[in-house]
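K.L.:
Okay, here's the structure, questions in a sec.
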Amino acid sequence: MNRSNQGFTLMELLVVLAIMGVMMGLIGFSLLGGGGNELGAAQRELLGFVQKARAQAALSGRETRLIVWNDPADEEKYHRYLEIVSKDSNDSENWLVAGEGAFLTDGIYFVPSEEGYSFQGDDWRDDAFSIWSHDDGEEFLLNDAFKGMRKEGGDQSFTYMAFSGFGNLICKKDASGITQPPKLVLAVGEPNPADQDKALRFNDANAIAGILLRRFGGFAVLDVNDFGAE
């Protein structure tokens, strides 16, 4: 058979996606703003996870989620631990774990989606809060991973950003019906164990950064100047 008439092999597609991921990561690295070395490192790490989740969704043809630990009872993991899971095509309640989970850089946390979920310092930007793929208050409950799989209905709570089987973002809508692409906001913070309803404290309004995702591909890297004043 004439090779010129054949399509790309799976390996060739994986190589192309890997190269694209590296290039986008390098572009993101060059665009990162202030916030300190730890904040920049966490932002680069998060970009890598986002690109991996999108590629996993497109290659598998299954919904894939970047999940973030959302149980304040575990102070070490809360809004710091992230993992990638893909829906099992054979069982809609099972999610396949894609590789190892990871923690954000020490001292860096995802800023929760609403003001009432954490303490913020003076002059905190009024839009420096994360936007996920689901409505606020919605719980994504999973069991502990077993043989590379998590089953829904467990006692481990996660918030998440999701990609469809085509690699496109799954976005929620606001009260007006306007689509809200996910915005992942990172900040220098610390645990606030005295109040589990506000289990994190962010004291420095200038030590923030983030990533704004594009629904059909790409992203915008955010620094402190991209957030509005209080």
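The values are calculated or read from the model by the stated rules, or taken from the named source; none is laboratory data. The structure presented is a predicted model; accordingly, all values stated were derived computationally and were not measured. Don't worry about glycine lacking a Cβ; one is built from the backbone with ideal geometry, like all the others, and counts go over all protein chains shown.
K.L.:
Are any residues in region 69-92 farther than 15 Å from Lys147 by Cα, touching a residue at least 60 places away in the same chain (Cβ under 8 Å) and surrounded by fewer than 20 Cβ atoms within 10 Å (Cβ to Cβ), and if so, which ones?
P.N.:
If the condition is that a residue be farther than 15 Å from Lys147 by Cα, touching a residue at least 60 places away in the same chain (Cβ under 8 Å) and surrounded by fewer than 20 Cβ atoms within 10 Å (Cβ to Cβ), then Asp71, Ala73, Glu75 are the ones that fit.
K.L.:
Can you run down the residue pairs with Cβ atoms below 8 Å, 6 or more apart or on separate chains, where the first is in region 159-179 and at positive phi and the partner is buried (at least 16 other Cβ atoms within 10 Å of the Cβ)?
P.N.:
Once the first residue is at positive phi and sits in region 159-179, its partners that are buried (at least 16 other Cβ atoms within 10 Å of the Cβ) give Gly167/Arg54; Gly167/Ala55; Gly167/Ala57; Gly167/Ala58.
K.L.:
Next up: From the list Gly167, Gly210, Gly189, Gly218, pick out the single residue that is surrounded by fewer than 17 Cβ atoms within 10 Å (Cβ to Cβ) and within 19 Å of the chain's Cα centre (by Cα).
P.N.:
Step by step, each of Gly167, Gly210, Gly189, Gly218 is checked, and only Gly218 is surrounded by fewer than 17 Cβ atoms within 10 Å (Cβ to Cβ) and within 19 Å of the chain's Cα centre (by Cα).
K.L.:
So, Gly153, is that one touching a residue at least 60 places away in the same chain (Cβ under 8 Å) and either touching a Lys or Arg at 6+ places or on another chain (Cβ under 8 Å) or among the charged types (D, E, K, R) (or both) or not?
P.N.:
no
K.L.:
State the number of residues belonging to region 93-112 that are surrounded by fewer than 16 Cβ atoms within 10 Å (Cβ to Cβ) and either touching a residue at least 60 places away in the same chain (Cβ under 8 Å) or among the hydroxyl-bearing types (Ser, Thr, Tyr) (or both).
P.N.:
Summing the residues that are surrounded by fewer than 16 Cβ atoms within 10 Å (Cβ to Cβ) and either touching a residue at least 60 places away in the same chain (Cβ under 8 Å) or among the hydroxyl-bearing types (Ser, Thr, Tyr) (or both) in region 93-112 gives 3.
K.L.:
Might you check whether a residue that is modelled with pLDDT of 95 or more, surrounded by 20 or more Cβ atoms within 10 Å (Cβ to Cβ) and either closer than 15 Å to Phe110 by Cα or not basic (Lys, Arg) (or both) occurs anywhere in region 141-154?
P.N.:
yes
K.L.:
Filter region 113-135 for residues that are loosely packed, with under 14 Cβ neighbours inside 10 Å and without any contact (Cβ under 8 Å) to a residue 40 or more places away in the chain and give the result.
P.N.:
Glu114, Asp135
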